[in-house]
Amino acid sequence: MPFSRLLNSSYTAATAIVRSNSSNGKNLCSHGLVTGRQTSTRVKSPGRSFGSSTQVHSAFSHLSARPHSLLTRVNGTLPSSKFVKASDSSRAKSTCTHQKEFALDIERLFHGNQEFVARMQKDHPGFLVKSANEAQKPSLMILTCADSRVDEQAMFSAPLGTAFTTSNIANQFEESDAPTNAVLGFAVNALRVRHIIVLAHYGCGGVANSMMPVPSDKSFAMKSVQDWIDPVRKIYQTSDRPEIVAHREMTKMTPLTELPDIHDPAFRALVEENLKATVRKIAASKAVQEVYNSSEIDDKVNFFVHGWIYDMETGKVFDLGVSVGPPGCEVPASPFPLVAQAKGA
Ligand SMILES: [Zn+2]
């Protein structure tokens, strides 16, 4: 039986898991904690997805407007004595009217963790102790979107330890983004992964929002999001893909008021173009070029960068056919169907 991460049916739709970080912003709270240090978040919560093509604004509004319930911390470095129990706060008393729901979120996680521990003990006795006491040796690095419905280990039925992962809104890579750059550097230099997979998904909310007019909401939270997706917006504004050009022309006269449909050809094309851009940026990054140009390079340290797309409606993964590798090395064969086949071409 394949392992799976803690993401399963026992998750509540209102639970947000902050796991990885790599953009410009501020952590949304996890069980009421606000930290001032992390940048972007990985939110895994079926049904409360930030990435839904139709739910992005409402989902984000929900998260940003959500009262920080149980504990409130001013920044990530304060000692525990600075924590304030919500029950002691008059403000909290006036705003936290859904304590039961908040508690249920946490309770479901607790039960999910218990199920995970029991399943591992039953199906894979000793695995956790063994893996915890050995250095990790993943052969893959995966960069995904932070969308709660995009779970790389689940979709590949991959065991724990398979992939070194990071995520951000719309699976982007910017060399100036320290967290993602650090993950990449560690993956190619220390872990010596053999494949870097950029995993996009159709229906990406970050991509959908980049097709919309810039919102009038100038809150810090929304500005952070808009700043982060700006490179995708630029692709939308400059791409010569016929689907995107046609969409731009259409919306010149009538700007979009709703997020595009998941099947909108321009939307799908922009997901693909954004994926290509990320693959290109990673392949051209200093961390990658440093290894590719190293005199020590041999088969053991070679790695390839791939662009794949997850179809959330079918669960299938497609290959965009834009893989790159070190000079002179042939890209290995891929059994994943090309995106053209996903389109029925
Ligand atoms: Zn997405």
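The values are calculated or read from the model by the stated rules, or taken from the named source; none is laboratory data. Note that this is a predicted model, so its numbers are computed, not measured. Quick reminder, even Gly has a Cβ in these numbers, built from the backbone with ideal geometry, and neighbours come from all protein chains shown.
Just for segment 182-204: of the residues that are farther than 24 Å from PRO332 by Cα and surrounded by 18 or more Cβ atoms within 10 Å (Cβ to Cβ), which one is nearest to the ligand (Cβ to nearest atom)? The extreme case among them is CYS204. The sole residue among GLN172, GLN153, GLN121, GLN136 that is among the polar types (S, T, N, Q), assigned to a loop (DSSP other than H, G, I, E, B) and over 10 Å from the mean Cα position of the chain (by Cα) is GLN136. Every test in (1) touching a strand residue (DSSP E or B) at 6+ places or on another chain (Cβ under 6 Å); (2) closer than 28 Å to TYR292 by Cα; (3) within 16 Å of the ligand (Cβ to nearest atom) is passed by VAL150 save one, and that test is (2).
When the residues of segment 192-228 are filtered to those that are β-branched (Val, Ile, Thr) and within 23 Å of GLU313 (Cβ to Cβ), the one that is nearest to the chain's Cα centre (by Cα) is VAL198.
One residue alone among ASP147, ASP123 is of a type in the set (D, E, K, R), at pLDDT 85 or above and more than 28 Å from VAL188 (Cβ to Cβ), and that residue is ASP123. Exactly one condition in (1) in a loop (DSSP other than H, G, I, E, B); (2) away from the ligand (no atom under 16 Å from the Cβ); (3) in contact with a Phe, Trp or Tyr (Cβ under 8 Å, 6 or more places away or on another chain) is false for PHE164; which is it? With respect to (1) in a loop (DSSP other than H, G, I, E, B); (2) away from the ligand (no atom under 16 Å from the Cβ); (3) in contact with a Phe, Trp or Tyr (Cβ under 8 Å, 6 or more places away or on another chain), PHE164 is out only on (1).
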